[in-house]
Amino acid sequence: MNHPIPGYFAAATLLLTAWVSTGVASESLTGAWIGNLRIPEGPELRVGLEFFERADGSQWANVSSPDQGARYMPVEQLDFDNDGFAARILGVPVVISGRLTDTDQLEGQFRQGDSSFSLTFRRVAAVPEIVRPQIAGLAQVTEEEVRIHNPEDNVWLSATLTLPGAAGEDSPAPAVLLLAGSGPADRDAYHSGHRPLKVLAHALTESGFATLRADKRGVLKSSGEFDALALQDFADDAAAALRFLQGRADVDAERLGIIGHSEGSLVAAMVVSQIPDLKFIVSLSGPGQPAMEVLIDQDGRELLAAGASPREAEILRAFARRYYRAAQDAGSESERRLALQSMYDALEGEDARVVSQGSRGTLGVEFASRDSFARFLRSDPREAWRQVTEPAVLLIAGGKDVQVQAEKNLGAMEDALGKGGNPGVTVRTFPQVNHMMQTAATGGLEEYGQIEESFAPGVAACIAEWLQRQSGIQPSGTMRSDCTRPEG
């Protein structure tokens, strides 16, 4: 409901188009900036800017809204000239203009429609952000910033490689590629101060594994264009990342695998056709049912978690089913837009009230009108999982997951793997864990940012021990966990 496809990490976002007019070269802006946006009779919000070099060598930027919990808002287009630069960020309603008045200050205007507000940016060491306890307490590991080239699309990915202390040419380490869920995710899968993939990477590195995690194409320091529904693009980039690992002397190419969260789980299954000799795959909160069924169930469960009644959830599910079928069956984007809007226009009374609470994301007319979304609605993850016949597979889900229901989706993936003849499947459910792999009370989306835990230690321990067994590493005493018995 709140996300383009199942598994979007939930984070508040400020969508804007930025035009900052300067009289200097882009290099003079490199670094971090912060400004205060004062809106009359409204809130005061900090706006962050960051300028940096991408993996392909181009200059790029990032915008953040720290007070709204939006740390990374991907730039869609950035142009520099002698007079300034322009950056477009996933939306067009807002313009920021400004000029560098001295080395450490930008004076500007924030414009939205007919409204305009003064805005001053000052140079800072770093954009402010929430630091959660697990991030603050991470042990030091060997990290290396690396670039990965996907020659098919000429995309350069910016990534972080971690290495265990003993890794080297004489002692190559088993390695794991970490894939984030859907949406414009950075390498850490950042949301609300949490960096779950960084926490997991450190835990696995301490358990003897090299790990690799990258910004998605078109996000932060990776080049290319981000398209939320281009799953094959993500699979191609993941294959390029695995080939990068195979080429490292300090990585054991025969003990190589993937951990995918939510949409990343499906991408992991898709990659097997390109990299068939993988040793293992771990699915976290992965979808197994057809896409339309996952979305309908997600819409209702999210509304329930937000406090709605079962009757209200069923009203929304019934509308969602009609809505997605109309989106799937329409012949063109214009026809689809008219059909979907007419469904909203026809709502009355209780139906109109209930549906209005969930009319975002995939239930938004503009997003759902896209041809790519209609194709996505026809997709079925079981087709990809049936092709995963060789790698050992660990399927993990949370009992508090309201986005990808555990029992139905685990069952669908396990059944598909069985029909494909895969003999090495382990299934694990953590009853108190949500979609984001946090220990939770309700599992609702609004709870993600309220929880201090970034990644449930018991889940990390389970993954580490299972991977050690698959890789011939003696599990350490501190990481032992039974991954074959449901947690009580």
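The values are calculated or read from the model by the stated rules, or taken from the named source; none is laboratory data. None of these values were measured; they are calculated from a predicted model. Every residue, glycine as well, gets a Cβ built from its backbone with ideal geometry; the counts of neighbours run over all protein chains shown.
A few comments on the model shown:
- Some residue of the stretch 35-55 being surrounded by 15 or more Cβ atoms within 10 Å (Cβ to Cβ), of a type outside the set (Phe, Trp, Tyr) and at pLDDT below 85: no
- Condition check for Ala210: touching a residue at least 40 places away in the same chain (Cβ under 8 Å), crowded, with 23+ Cβ neighbours inside 10 Å and more than 29 Å from Glu447 (Cα to Cα): yes
- Condition broken by Ala339, with the remaining ones in (1) within 29 Å of the chain's Cα centre (by Cα); (2) part of a helix (DSSP H, G or I); (3) at pLDDT 95 or above satisfied: (1)
- If only residues of the stretch 100-113 that are charged (D, E, K, R) and modelled with pLDDT of 75 or more are counted, the one that is surrounded by the fewest Cβ atoms within 10 Å (Cβ to Cβ) is Asp102.
- Of residues in the stretch 137-195 being of a type in the set (Val, Ile, Thr) and outside any loop (DSSP other than H, G, I, E, B), the one nearest to Gly286 (Cα to Cα): Val176
- Here Pro457 clears all of (1) surrounded by fewer than 16 Cβ atoms within 10 Å (Cβ to Cβ); (2) under 21 Å from Ile281 (Cβ atoms); (3) modelled with pLDDT of 95 or more except the condition numbered (2).
- Residue pairs whose Cβ atoms lie under 6 Å apart, sitting 6 or more positions apart in sequence or on different chains, and linking a residue in the stretch 149-163 that is without any contact (Cβ under 8 Å) to a residue 60 or more places away in the chain to a partner that is among the polar types (S, T, N, Q) and crowded, with 22+ Cβ neighbours inside 10 Å, are Thr162/Thr205; Thr162/Thr211.
- Which listed residue, of Val155, Val176, Val199, is surrounded by 21 or more Cβ atoms within 10 Å (Cβ to Cβ) and closer than 30 Å to Ser369 by Cα: Val155
Okay, residues lined up against (1) surrounded by fewer than 19 Cβ atoms within 10 Å (Cβ to Cβ); (2) at pLDDT 95 or above:
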| site | (1), (2) |
| --- | --- |
| Glu302 | no, no |
| Ala305 | no, no |
| Glu314 | yes, yes |
| Ala327 | no, yes |
| Thr362 | no, no |
| Val365 | yes, no |
| Ser372 | yes, no |
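- Scanning the stretch 204-235 for residues that are under 25 Å from Leu78 (Cα atoms), assigned to a helix (DSSP H, G or I) and among the acidic types (Asp, Glu) turns up just one, Asp233.
- Condition broken by Ala239, with the remaining ones in (1) crowded, with 24+ Cβ neighbours inside 10 Å; (2) within 19 Å of Glu263 (Cα to Cα); (3) more than 17 Å from the chain's Cα centre (by Cα) satisfied: (1)
- Restricting attention to the stretch 236-268, the residues being of a type in the set (Gly, Ala, Ser), on the phi < 0 side of the Ramachandran plot and not in a strand (DSSP E or B) number 9.
- Any hit, the stretch 289-296, residues being surrounded by 22 or more Cβ atoms within 10 Å (Cβ to Cβ), touching a residue at least 40 places away in the same chain (Cβ under 8 Å), in a helix (DSSP H, G or I) and touching a helix residue (DSSP H, G or I) at 6+ places or on another chain (Cβ under 6 Å): yes
- Unmet criterion (only one of (1) modelled with pLDDT under 95; (2) over 21 Å from Leu229 (Cα atoms); (3) in contact with a His (Cβ under 8 Å, 6 or more places away or on another chain)) for Glu390: (3)
- Residue within the stretch 70-79 that is more than 19 Å from Val127 (Cα to Cα), more than 20 Å from the chain's Cα centre (by Cα) and buried (at least 16 other Cβ atoms within 10 Å of the Cβ) present: yes
- Filter result for the condition that a residue is modelled with pLDDT of 95 or more, within 26 Å of Glu53 (Cβ to Cβ) and among the polar types (S, T, N, Q), over Ser222, Ser265: Ser222
- Looking only at the stretch 158-173, and only at residues there that are of a type in the set (Ser, Thr, Tyr) and crowded, with 22+ Cβ neighbours inside 10 Å, the one that is farthest from Glu453 (Cα to Cα): Ser158
- Looking across the stretch 405-451 at every residue that is surrounded by fewer than 20 Cβ atoms within 10 Å (Cβ to Cβ) and of a type in the set (S, T, N, Q), the one that is farthest from Ser283 (Cα to Cα) is identified as Gln450.
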